[in-house]
Amino acid sequence: KEVSSFHQLCYNSVRMQQKLLVSLLLVLSTVPCASFSSCPTKCSLRSPTTSTLLFASSASDEVDFLSQLTNEAQEVGDCAQILGEAIFKSDSEVKAEDIVQICDTLDALEPDDTLVTSSRLNLRRLALKTKRYEWLVKLMKTDYDAYIATASFLSPSRIPRMELPNLQDVPIDKTLVAAAEAASLEQQQQLQLQEGGENNNNNNGIPLVADCELDNMEYKESLLDKVLLSIFRKLVVQNTGGVTSEKESILGLVEQARTYMLQPGQTAEAQHKMVKDTLAGLMTPVLPPFYRIFMSGIVPKLGTDYDGKQIGPWFYAPFLTSFVTPTFFGFLVGPSHVNRRKDGQLGGLVVEKCKFLQESGCKGLCLHQCKLPAQEFFKQELGLPLMVQPNFETQECQWSFGEEPVSPKEDPYFPSGCLVGCESRKQIAASGSNADACN
């Protein structure tokens, strides 16, 4: 009873304060404002009617605010439902037609200017794009051929190429491919005429591979890229016995790499060791042990029977590695972003247009000073399998962390022939050598 009486007392007190406040405002509204008696305009609080309008306006604003808040919450709820469908729909239930319907919805979507979540945050568009991406992944897992057909049909006209979960078998613009093949055939014929009508000696009669016909990408190097590239080039000088170049940036690194590759008696194994030593120096002595323990699950030397044994890699290692790599290897390969491996699993990384390949135009440098040594370094030194698969037609490159690599001869994405415009091949041919630097 005492508590009830106290609550009643508080309630009456609040009600009394409200009544006093209203009475005070009404009184003030009927009293002339002495301070503004000389002002040609009248004070806004001059009449009860004005006060009534003020209270009505305040109530209306409160209703509008609640209505706006309700609409925003409804939009957030709808977007959450879209994301739920993206995640929880069974892989086997996703069909190509579902992807097309999402594209239709995105094409017809207009932002609602009355909603912040729509006009400024584009929340619904982001949710639909996420749903499309996740359903493409599900389709890729259950029916890879259907995924390739769907992605080829919708990209790039309706889905930007870099928004696909995997690009390995998705062709680029077909007209561009046909033009590249025609240009490659014409270049091969011209080379045969220049070299006496015979096949290239250093190519051992294997057909040449068409050069990339896409426009060169202009790379914007960050301060971190410049610092890492400078350190990397100094390490290359140390590990090649003094091979250097006066050229700046990536062009200087390419010249160093080509000079080292074309040295008399050079071997693929020596090139691999040089790159692995350089990568180890770049990572410093601290990072590899840390990575082996916390990413690859390799037991450190603790004086036990389990020293050196691997119980990993941990499930998160492929994804986290693909997530971190773009920041620290952009100075070598250029822009890249996380995607999916060909099996649809996390741990994929796609390089948009490899800086090293674009500037070198050499399959041999790509093979022996990037692809193979990178695979060996991650497997042997860090304990995580890696598959690197360059696309010489587009100069894209797929890195699949956690995937066991295959030899170049068994890799369907790695052609046998040399690139048409390869400067290394031209220098080898000019020297009269029969060396094959591309395999």
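Just so it is clear, none of the values below were taken in a lab; they were calculated from the coordinates. No experiment lies behind these values; they were computed from the predicted model shown. Every residue, glycine among them, receives a Cβ derived from its backbone with ideal geometry; neighbour counts consider all protein chains shown.
Below are the figures for this structure:
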quantity: Relative contact order (percent, whole number), the stretch 288-439, Cα cutoff 8 Å, 6+ residue spacing; calculated: 19
quantity: Linear extension gain, F315 paired with L251, 0.36 nm per residue minus alpha-carbon span; calculated: 19.2 nm
quantity: Rounded FRET efficiency, nearest 0.05, which uses the C-beta distance separating E404 from T304 and R0 of 30 Å; calculated: 0.60
quantity: Residues E110 and F294, FRET efficiency given R0 of 60 Å [Cβ-Cβ distance, rounded to 0.05]; calculated: 0.80
quantity: Peptide ranges 293-303, 350-360 listed from the most packed, as the mean C-beta count within 10 angstrom indicates; calculated: 350-360, 293-303
quantity: Net lengthening on full extension, Q74/T142 (0.36 nm per residue, minus Cα-Cα); calculated: 21.1 nm
quantity: Near-label residues of the stretch 70-106 by backbone N, under 19 Å of a point 7 Å along Cα→Cβ of L121; calculated: 70-87
quantity: Flagged links, alpha-carbon separation over 21 Å, of K138/K342; K129/K353; K234/K355; K276/K342; K226/K353; calculated: K129/K353; K276/K342
quantity: Peptide ranges 392-398, 108-114 listed from the most packed, as the mean C-beta count within 10 angstrom indicates; calculated: 392-398, 108-114
quantity: Karplus-derived 3J(HN,Hα), 6.51/-1.76/1.60, for each residue of the stretch 420-425, Hz, glycine and proline x; calculated: 4, x, 5, 6, 5, 4
quantity: Distance between the stretch 250-305 and the stretch 328-375 - C-alpha centres, whole angstrom; calculated: 16
